[in-house]
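Read-outs throughout are calculated quantities, based only on the coordinates presented, and are distinct from any laboratory measurement. It should be emphasised that the depicted structure is a prediction, and the values quoted were computed from it without experimental measurement. Positions of Cβ are backbone-derived with ideal geometry, glycine not excepted, and every protein chain shown enters the neighbour counts.
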Amino acid sequence: MAIIELKDVSVTFHEGDRTIEAVRQVDLSVSKGEIFGIVGFSGAGKSTLVRTINLLERPTSGQVLLDGHDITQAKGSALRDVRKRIGFIFQSFNLIGNVSVGRNIEFALKAGNCPKREWSARVAQLLALVGLESKADSYPSSLSGGQQQRVSIARALANNPEILLCDEATSALDLETTGEILGLLQRINRELGITIVFITHQLDVAKQIFDHVAVMEEGHIVEQGETFDIFGAPQHPTTRALVERYLGVAVPPQLVPSLPDGTIVELRYKGEDALEPLISAVARRYDVAINVLHANVEYFGAQAIGVLLVLVSGPDDALRAALETLRSRVFGFRELDRESIGQVDAGDSASLSASENDKEGKSRA
Ligand SMILES: Nc1ncnc2c1ncn2[C@@H]1O[C@H](COP(=O)(O)OP(=O)(O)OP(=O)(O)O)[C@@H](O)[C@H]1O
C-alpha cells in the first residue's frame, strides 16, 4: 500500500525575471515500509521534490497524498500533524551547537507536544537506539560526523514518525561511517517499520539499501522501478551514465589505440549466470577471438550484476553471428564506439557528483 503518493507534482520558483521549473509533473508512489531512493545530477530537483512530501515546499500544482489523504493544502494543526509524522535528516546534520545532545532531542520532543516528565526517558531511549547512550550531556562539536548524524537521526525519530526523509544524509561522511549509518537506517526501517525516502548521488548507497529507485533529471523522473532492474538494465542515458561510472567499465584511454581490430561490446548479466562457458563456446563455434578487456561484479542488495567488456574479432560474417548469439544470451548488450569508451568515466564522474562547486554554482544561478 502506498504511504506517499505524488500526483502530477510541479514546483516552480521565480527569481526576478527567471522561472525555474525545479520539479516537473512528477508521479511517484512509495510503499509503506520500503526504502525508496532518488538519485540524479546535482540540480535535478531531488531536494525540492522530497521537500514537497512534508510540505517544506508547496507544489505549484499537483497533489501530495499521505496514506491516501490529500495533504497538499494542509495548514495549522493539520500541517503540524504532517510534520510530526515525517522526520527529516540532512547532509549537514543541522544540530543546535550551543546546547547538549540531550537538549537537541528535547527541543523536538517539545515541538511534538511530548509531556515534559517523559523527556528524559525518551532521550535515553532514542540515544540507545542510535548507539550513543553516554552522549546526552555532550555538545555536538565534541562528536564525530557519524555521531552527529546519529543524534540527528535520534532527533528525527523523537515523535515516532512513520516516514524518515534523508537528504544526502551520508554525503559528508567517510566510507566506513557511511556504512554504519546505512546499517542503522536499515535497522530503523526493519525494526520500527519506518518508511525511508533517501536522496543521494552515491550509487554505493543506492545499491546497498534502496528497494525502489527513481532517477531524476531536470525536474523529471526519467526512470523508476526496482533498484536491481533500474541499475541492471538502465534505459535512460542519465541512469546509464550513473551506472557506467559506478561499475567502472571504461577502458583506460591510453590502451584504446593498442587494441587489435574488432568490435568492443559491453555484456551485462545477472551474477548467477556464468559467462565464461558462453564466451568460449561462442569463440569456438564461430571461430572468432573474444578477449576480455574488463570485468566487474557488483551486488545490489542480495543480487549481483556483472559487466564484461569484450573485444570480439574475426571475419565479418562470423563476427556478426557471434555478436548475435552473445546478444541473445545476456540481458544487457551494447556495442561501444572505440572513440568514446576511454572517455566515459572522467566526464560523467565530474558532472554527477554533487560537489561543493556545483552547489555554489547553483546558489549563484
Ligand atoms: N528556493 C529556491 N529558489 C529558487 N530556485 C531554487 C530554490 N530551491 C531550488 N532551486 C533551484 O531548483 C533546481 C533544483 O534544485 P534542487 O536543490 O532541488 O536539486 P538537487 O537535485 O537536490 O541538487 P543537489 O544534489 O545539488 O542538492 C535548481 O536549479 C535550484 O537552483
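Quick one: net charge around H201, please, counting Lys, Arg +1 and Asp, Glu -1 for every other residue with C-beta under 9 Å from its C-beta.
Values: positive: K46; negative: E168.
Summing Lys/Arg as +1 and Asp/Glu as -1 gives 0.
Return the subset of K75/K207; K46/K270; K7/K270; K46/K84; K32/K207 for which the Cα-Cα distance in this structure is over 31 Å, preserving the input order. Provide the component values of the computation, followed by the final result.
On the way: K75/K207 37 Å; K46/K270 29 Å; K7/K270 34 Å; K46/K84 22 Å; K32/K207 20 Å.
The pairs that break the limit, which is 31 Å between Cα atoms, are K75/K207; K7/K270.
Anyone know which of A295, A169, A121 comes out most mobile in the 10 Å Cα GNM of the chain?
It is A121.
Using the basic label-point model (7 angstrom from Cα toward the beta carbon), what is the Q125 to S31 distance in nanometres?
According to this spin-label approximation, the distance is 2.9 nm.
Helix 276-286 versus the longest principal axis of the chain: what angle, 0 to 90°, nearest 10, using Cα atoms?
That helix lies at roughly 30 degrees to the long axis.
Which loop-located trypsin sites (Lys or Arg not before Pro) does the stretch 1-106 contain, where loop means any DSSP state but H, G, I, E or B and the Cβ has at most 14 other Cβ atoms within 10 Å? Write down the numbers at each step before the final one.
Details: sites: K7, R18, R24, K32, K46, R51, K75, R80, R83, K84, R85, R103; in loops: K32, K75.
When the trypsin sites (Lys or Arg not before Pro) of the stretch 1-106 are filtered for loop state and at most 14 Cβ neighbours within 10 Å, K32, K75 remain.
Show me the ranking of peptides 58-68, 35-45 by mean Cβ neighbours inside 10 Å, starting with the highest. Please list the in-between numbers first.
Values: 58-68: 16.2, 35-45: 23.7.
Result, highest mean first: 35-45, 58-68.
Could you please state, rounded to a whole Å, how far the C-alpha centre of the stretch 210-250 is from the C-alpha centre of the stretch 256-288?
Using only Cα atoms to place each centre, the spacing works out to 24 Å.
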